[in-house]
1. Pick from 11, 41: which is under 16 Å from the mean Cα position of the chain (by Cα) and exposed (fewer than 12 other Cβ atoms within 10 Å of the Cβ)?
2. Hey, can you tell me all the residues within the stretch 130-151 that are farther than 11 Å from residue 173 by Cα, crowded, with 21+ Cβ neighbours inside 10 Å and either touching a residue at least 40 places away in the same chain (Cβ under 8 Å) or in contact with a helix residue (DSSP H, G or I) (Cβ under 7 Å, 6 or more places away or on another chain) (or both)?
3. For the stretch 13-20, does any single residue satisfy the condition of being part of a loop (DSSP other than H, G, I, E, B) and closer than 26 Å to residue 146 by Cβ?
4. Evaluate the stretch 28-40: report whether one residue or more is assigned to a loop (DSSP other than H, G, I, E, B), closer than 28 Å to residue 92 by Cβ and at pLDDT below 95.
5. Which condition number does residue 75 fail, the rest of (1) buried (at least 17 other Cβ atoms within 10 Å of the Cβ); (2) modelled with pLDDT of 95 or more; (3) within 21 Å of residue 138 (Cβ to Cβ) being met?
6. Read through the list (1) out of contact with any helix residue (DSSP H, G or I) (no Cβ under 6 Å at 6 or more places or on another chain); (2) in a loop (DSSP other than H, G, I, E, B); (3) free of Cβ contacts under 8 Å to residues at least 60 places away in the same chain, then give the number of the only condition that residue 50 fails.
7. From 81, 77, 31, 20, grab the single residue that is more than 23 Å from residue 166 (Cβ to Cβ) and touching a helix residue (DSSP H, G or I) at 6+ places or on another chain (Cβ under 8 Å).
8. Output the qualifying pairs, or none if there are none: Cβ atoms under 7 angstrom, residues six or more apart or on different chains, first residue in the stretch 63-77 and at negative phi, second residue part of a strand (DSSP E or B) and surrounded by fewer than 15 Cβ atoms within 10 Å (Cβ to Cβ).
C-alpha cells in the first residue's frame, strides 16, 4: 500500500521531506563534488538539467512505490536547508523488502547527520511501513558509509569481491541488512 499521506519524517535535528524547486542549486552542488560522486552511480559534475528532471519525476511518486527509488531531501529542521538526501527502493517483485542509500554534502560530514537520517529512514520503513527486511550496499573503500550502516545497527552480511563494474573498474561491495523484528519499536525522540 502506498503512503499517499507522506509529507515529511522528522528527527531531532532533521526533516526528511520531498524535494522542492529551491533545493536544486544545493542538490547540484553536492552531487557535482568529485569526492561525493566517487562511490555513486552518477558522474561529476552533475548537470543541472538532469537534476531538474530528476526532482520533477520524484514529485509524482510515493516513498513506498514498488519498483521505484524514492529520494528524500534531508534538511536541517531549524532552517529547512538541504544538506543531502537518502533513498529507498522497494522491489517490484517483493514489496516487503527495501534497499536504502544516502548522500550528504561534504560540509555536513562528521556531525552525525547521516546516522540520524538513516536511522529515521529505517524506522519509517521497518515500523511505519512494516517492511520485513531493509538492505544496503556500499563500495568497500567507502569506509564512512560502512561506519554509518554499522552505527545504525545494520548487520554486515557479505563482502563481494569485484562484483560491480563502476567508473571503469571492478569494485567490491559490502552488504548490510536489518530485519523488522531486530529494529526498536520506539523511535529516537524528534
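The values are calculated or read from the model by the stated rules, or taken from the named source; none is laboratory data. Owing to the predicted nature of the structure, the values given are computational and were not obtained by experimental measurement. Every residue, glycine among them, receives a Cβ derived from its backbone with ideal geometry; neighbour counts consider all protein chains shown.
1. Residue meeting the stated conditions: 41.
2. 131, 134, 145, 148, listed by residue number.
3. For the stretch 13-20, residues part of a loop (DSSP other than H, G, I, E, B) and closer than 26 Å to residue 146 by Cβ: present.
4. The answer is yes; a qualifying residue exists.
5. For residue 75, the exception is condition (3).
6. (2)
7. Matching residue, one of 81, 77, 31, 20: 81.
8. Note: pairs meeting the criteria are 77/10.
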